[in-house]
1. Which residues, counting only those in segment 5-14, are over 10 Å from L68 (Cα atoms) and out of contact with any helix residue (DSSP H, G or I) (no Cβ under 6 Å at 6 or more places or on another chain)?
2. Residues being part of a strand (DSSP E or B) and either without any contact (Cβ under 8 Å) to a residue 40 or more places away in the chain or in contact with a Ser or Thr (Cβ under 6 Å, 6 or more places away or on another chain) (or both): count how many of those fall in segment 112-130.
3. For D171, all conditions in the list (1) surrounded by fewer than 17 Cβ atoms within 10 Å (Cβ to Cβ); (2) under 16 Å from the mean Cα position of the chain (by Cα) hold save one; what is the number of the exception?
4. Starting from segment 59-82, keep only residues that are on the phi > 0 side of the Ramachandran plot, then list their pairs with residues that are at pLDDT below 90 whose Cβ atoms are within a distance under 8 Å, requiring at least 6 positions of separation or different chains.
5. Could you list all residues from segment 47-83 that are in contact with a helix residue (DSSP H, G or I) (Cβ under 8 Å, 6 or more places away or on another chain) and of a type in the set (S, T, Y)?
6. On the basis of being out of contact with any helix residue (DSSP H, G or I) (no Cβ under 8 Å at 6 or more places or on another chain), polar (S, T, N, Q) and in contact (Cβ under 8 Å) with a residue 24 or more places away in the chain, does Q109 make the cut?
7. Among the residues of segment 101-130, write down those that are closer than 26 Å to M156 by Cα, crowded, with 18+ Cβ neighbours inside 10 Å and among the polar types (S, T, N, Q).
8. Which residue, of R130, R149, R84, R160, is closer than 19 Å to G190 by Cα and basic (K, R)?
Amino acid sequence: MRRTPASPIELIERARSLAGLTLAELAGELHIEVPATLRRHKGWVGRLLEDALGADASTAQAPDFAALGIELKTLPVDASGKPRESTFVTCVELAHPDDIRWETSHVRQKLASVLFIPVLSEKGIPPGDRLVGQPLLWQPTPAEEALLRADWEGHMRTIRQGYAHAITARDGEVLQIRPKGARASSRVWGVGPSGDLELIQPRAYYLRTGFTARIIARSFALST
C-alpha cells in the first residue's frame, strides 16, 4: 500500500496518474497477483485501487480515505462510458433502526464525497487488460442528496416496521437495497415484524446505474 495522500488535491493527482494504465500494469507496480477472472475475487479491483491510492480507513463504516472524508468507488463502464452495474455503498443498519437518522447514517457519510474511478470493463476483457479511466471527485448536489434521502427514508420506514425482507431491488429511485452476504445462509440481527430482534439475511445499499450514469455524463459531457 502506498502512503496516504495528505490532501484531496494530492489524491486527485495520484488518481489521474493511474489513468490509462491496465490493471495488470498497476498490479505489477504493487507486486499484486492478477486473478484470471473476478468470479471468486469480487472486490479485487476496488482493493487494488485502494492500495494504489493509499486508502486509510480503519473500519468498514468510515470513508476509504478517512482523514480526507472521501470514499473511493470504482465504476465498471462500457466503451461509451456508461456504468455496467450498480455501485455498492454500505451495508444496511438493521439492528437498531429507530436510532438512525439520515444526518448520521452510514449512507450519508459514505456519499458525502466520492472519488469515482471508471474502469473499462467490457464483457470478455480479462481483469488484467481492463483500463483505468480518468477520476471524478463528486459531492451530491442538493437535488441529488434530496433523492438519496427520500429513498433512504422510505427504506428505513419499511425496516423499522420489521419488513426489511420485503424490500426488493425495484424499490427506490436512485438508492436500492439488495441482499448482501458471502453465502445465502448468512444472517445478522435485525428487527422483525414483531418488533423483536431476529436473525435475517444481511442487506446492502447500492446506487442505481442510471444515477451514476448521470453523474459521469454531467462531469465528462457524455450523452445519456
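The values are calculated or read from the model by the stated rules, or taken from the named source; none is laboratory data. Please read these numbers as outputs of a predicted model, since none were measured by experiment. Methodologically, a virtual Cβ is constructed for each residue, glycine included, from the backbone with ideal geometry; neighbour enumeration extends over all protein chains shown.
1. Of the residues in segment 5-14, the ones over 10 Å from L68 (Cα atoms) are 9-10, 12-14.
Listed by number, the residues that qualify are I9, E10, I12, E13.
2. Selection size over segment 112-130: 2.
3. Single failed check for D171: (2).
4. From segment 59-82, the pairs are G81/A217; G81/F220; G81/L222.
5. Correct list: T74 only.
6. Numbers: out of contact with any helix residue (DSSP H, G or I) (no Cβ under 8 Å at 6 or more places or on another chain): yes; polar (S, T, N, Q): yes; in contact (Cβ under 8 Å) with a residue 24 or more places away in the chain: yes.
For Q109, the condition - out of contact with any helix residue (DSSP H, G or I) (no Cβ under 8 Å at 6 or more places or on another chain), polar (S, T, N, Q) and in contact (Cβ under 8 Å) with a residue 24 or more places away in the chain - is met.
7. Across segment 101-130, the qualifying residue is only S105.
8. After ruling out the rest, the residue left standing is R160.
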